[in-house]
1. Among what's in region A:91-127 and is within 11 Å of the chain's Cα centre (by Cα) and without any contact (Cβ under 8 Å) to a residue 40 or more places away in the chain, pick the residue that is nearest to A:Pro61 (Cα to Cα).
2. Please note which strands (runs of 3 or more DSSP E) are completely contained in region A:1-99 and include at least 3 residues that are within 29 Å of B:Met16 (Cβ to Cβ) and away from chain B (no Cβ under 14 Å).
3. Filter region B:374-400 down to the residues that are among the small types (Gly, Ala, Ser) and within 14 Å of chain A (Cβ to nearest Cβ), then identify the one that is surrounded by the fewest Cβ atoms within 10 Å (Cβ to Cβ).
4. Could you check region B:644-675 and list, in sequence order, the residues that are among the basic types (Lys, Arg) and either part of a strand (DSSP E or B) or within 14 Å of chain A (Cβ to nearest Cβ) (or both)?
5. Of the numbered conditions (1) away from chain A (no Cβ under 14 Å); (2) within 31 Å of the chain's Cα centre (by Cα); (3) modelled with pLDDT of 90 or more, B:Val678 satisfies every one except a single condition; which is it?
6. Consider B:Leu65 against the criteria (1) under 23 Å from B:Ser229 (Cβ atoms); (2) buried (at least 23 other Cβ atoms within 10 Å of the Cβ): it satisfies all of them except one. Which criterion is unmet?
7. Quick check, is B:Leu358 in contact with a helix residue (DSSP H, G or I) (Cβ under 8 Å, 6 or more places away or on another chain) and modelled with pLDDT under 75?
8. Which residue is farthest from B:Arg53 (Cα to Cα), if the candidates are limited to region B:74-114 and must be of a type in the set (A, V, I, L, M, F, W, C) and outside any strand (DSSP E or B)?
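The values are calculated or read from the model by the stated rules, or taken from the named source; none is laboratory data. Since we're looking at a predicted model, the values are computed, not measured. Please note: Cβ atoms are built from the backbone with ideal geometry, for glycine as well, and neighbour counts cover all protein chains shown.
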Amino acid sequence: MALTALDYITIDGTQIYKPPEFAPQIEDIYSGEYTTCTGKTVGDCIGWKWSDMTLQWDALPQDMVDVLVNMSGEATLVFDSPLGTQTEKIIRSSAVQLRNRNTIRGQTIWRNVSVAIRFINAHPKEASS
Amino acid sequence: MSAIDIQNSRQIRDPMDVLITLSLGTDIAMTYSGYSSAKIADGVLNQSSWPMRGLADLQGNGFPLDGSRVLYNPNTSPSQTNGKLGVRGNVGQPVSVTATGNDTIASLAISVTGAASVTLNGETTEITGSHVTLQLLNTTAALTFQPSSEDRRVEIITVLPEADFVINNDNLIKATVSLRSDLSIINPTLPESELTVEVYQDLDVSEAVGSIPEDTPITYQAGYPGDMSPVRRFYVSGQVTWKDNVLSIQAVDAVHFLDKELAFSLGVGTTGYYDTSAPSVARAQNIVNYLVKDAGVPGVTIKRTLYFYAAFYNDGGIPPNSVIEKGKSYRDIIAKIMNLFHIDNIPTKYTANRETDLWITYVDAGIPQVTNRKPQSKWTIQEEDAASVNLTAERQIQKINATVTRYQRAVPNPYATPMKTEFQIGTVDWVKGEGAFVAFDDYSARYLFGLSKSDGAPLPQSYFEDLVSMPILPAGQTGRIDGLAGNVMPQDGSSGNGSNMFFDNDTPQRLYDSNLGLEYTQIIPWNSAYADDWRFAWKSQSAAWAGLVAAGLIGKDDQSFTLKIIGDKVLPSKEEVTYSANREGVTVDAPDAWFGSLLFATEYQSGVKQEVVEGMPRAGYESLLKRSNVTCSFTWKGDPRIQPRDVFTFHRLDGTDEEWTFENITITHEGGGTLAEVTARKGIV
């Protein structure tokens, strides 16, 4: 079965197989937070961002691993989500974990690849009142 | 319910809009037209410091029933006091306005609420907060605003050439607004409120900010679209700096304008008028309001006419006679009045005085106003919404010791017929060619001077009111007023000399002596039934003369005269006072106070016969004893509408409601969130 665009994510312009468990979560950003004398957390919700996550692949070819390894500083991640196609700035927050190196028909395949990323874009909250 | 109240009732609020404007000024004059699509408009879009008039408007969530909103009245003229309408559209409908400058405008700064976007020359710009800047490079801009929702109306506040540096959520890093008062019991100060701002600015403006002068106005507002707090005015207080793409601004409120020495002395005063038609007014109110205005605080006007037929002298046009406070700053005096004079004696003309309580409120950041309306609770804070609630009880005060100086001024009785005026204080021989020099005590009040011949025959009496600079001589100094006795010439052409100085009709006249630059004004018939019963107030044309030239009277006439010193006198008396409360506690010494009263008397030398006592604020030490010794501090969500000295209901965890008064509120806007640190004193201060 041929792969479609939905089967890929794009990092710095290069398509990479979408991790099988790829499910980015959204989290709210709070500021002016404090805990009241009754233990309640009070604050201002100033926006939202995509949660930090770990990308994991069972296998990834060398050229795609190179993209991960070469991420230095800020990178751009494009992916599809229920909100539509998202273009987000990310940074790599861990080293690329590579467990096994296999060669299949002359092509290098790395097994059990993982890398942690952090989304650095914050999105303003739409006024709700 | 207002948007701020709705948000504050939630555990998690939406981010608050912050709008800080540094007014750098521009010469471009703006006119506005083409807003006929508006629902209501006064078209005042060029006054950024005028507040928007809060209207009883049913758009959105409606309006709060706290008296802050008024019905629309097309006859109310826009002003700083009345507020303005700006241009307000129909609910859910776009609204247009055309702004025209008399010169090319590089960019326009627009403040607007309830708008989602604005279109200029076919290009639409989204409005995320309440402010937007548009490039123009033209003299005219036709703007069309789209409402943010179907139940909102577009309300255009200002459309101005971008001479102002605007700080909002888009570029604000951190803003700290510290609104301060001092509610301590014994000797509180009048503290300055402060605004510190850090702004992201990626253009190098280090050179431009170096030329921003001190006292450049900077305004602060926060809230939610359609429900912003009142504009708080601050003034740049130090060097505006730009470093590492961060612009740092520090500003203080108008209290710093009070930080200078009184331009005049505060004293027991006189105007020469016994204006029985003057309304009974609270005089501490007048004094504070007057001092605030006299200190040059921008935009502050006195709401009442000053009447000072008794009490403290606060005209400003004429220096006072009996000095109570001298060499102090406006700020010190106001702080003292605010703390001590919580009680006013409101005079009734012939009857006993009645006392009324005075209270202090703030009308803008740091600008105090005295009112005789006891503050009511304006806000409610749930303790369960607060953090780090710390209650502190200071040492309880059982007894207060102080010294009170009572300045009692005796004046002629204007109600008696014939009027008794001659409180003869003394006589001095006045010989031709020689000076008649009289030294007076510093506390002396107005003196009137009458001349009589040395043989005792009376000259027509002339009363020279407010001769503070003429015959009141520092020891060892001399001076002279030539024209007084011999050459005073009425300008109406009639002649006069020292022995014939009189006025023969009731028409106010004007005397002028070109040699001395003395200008005599306000010749007032004291009592038209008595031809020799005149007085006149004068002032000097030369400011240098007034109050500076020590003077005596040099006789120029052929005859010698006796100078009769006639007049009012202030009798200061010191009194040790002790006020105590029926409880255990410490004894403290409170600042000394002064107050006074005015006696209309029939005689002076044989003892003052009191007929009417006019009142003035008196030292209310007992009000200090009533002040609670319990204070508290806590962290809270923050509400930018709150001012120090506002009263709030503190709903405690045990379900009880207590009244407290805000002392300090420090609101911090940082990282998009808002937080407040609050200190307060129990009770209504």
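1. Only one residue tops the list, namely A:Arg92.
2. Numbers: elements: A:8-11, A:14-17, A:26-35, A:41-50, A:53-61, A:74-81, A:84-92.
Once the strands (runs of 3 or more DSSP E) in region A:1-99 are filtered for at least 3 residues that are within 29 Å of B:Met16 (Cβ to Cβ) and away from chain B (no Cβ under 14 Å), what remains is A:84-92.
3. Of the residues in region B:374-400, the ones among the small types (Gly, Ala, Ser) are B:377, B:386-388, B:393.
Pick out the ones that are also within 14 Å of chain A (Cβ to nearest Cβ) and you get B:386-388.
Working: B:Ala386: 23, B:Ala387: 20, B:Ser388: 13.
The residue in question is B:Ser388.
4. Let us first name the residues in region B:644-675 that are among the basic types (Lys, Arg), namely B:645, B:652.
The one that is among the basic types (Lys, Arg) and either part of a strand (DSSP E or B) or within 14 Å of chain A (Cβ to nearest Cβ) (or both): B:Arg652.
5. Looking at each condition in turn, B:Val678 falls short on (1).
6. With respect to (1) under 23 Å from B:Ser229 (Cβ atoms); (2) buried (at least 23 other Cβ atoms within 10 Å of the Cβ), B:Leu65 is out only on (2).
7. Working: in contact with a helix residue (DSSP H, G or I) (Cβ under 8 Å, 6 or more places away or on another chain): yes; modelled with pLDDT under 75: yes.
Against the criterion (in contact with a helix residue (DSSP H, G or I) (Cβ under 8 Å, 6 or more places away or on another chain) and modelled with pLDDT under 75), B:Leu358 qualifies.
8. In the first step, residues of region B:74-114 are kept if they are of a type in the set (A, V, I, L, M, F, W, C); the result is B:85, B:87, B:91, B:95, B:97, B:99, B:105-106, B:108-110, B:112.
Adding the requirement that they be outside any strand (DSSP E or B) leaves B:85, B:91.
Numbers: B:Leu85: 6, B:Val91: 17 Å.
Here the answer is B:Val91.
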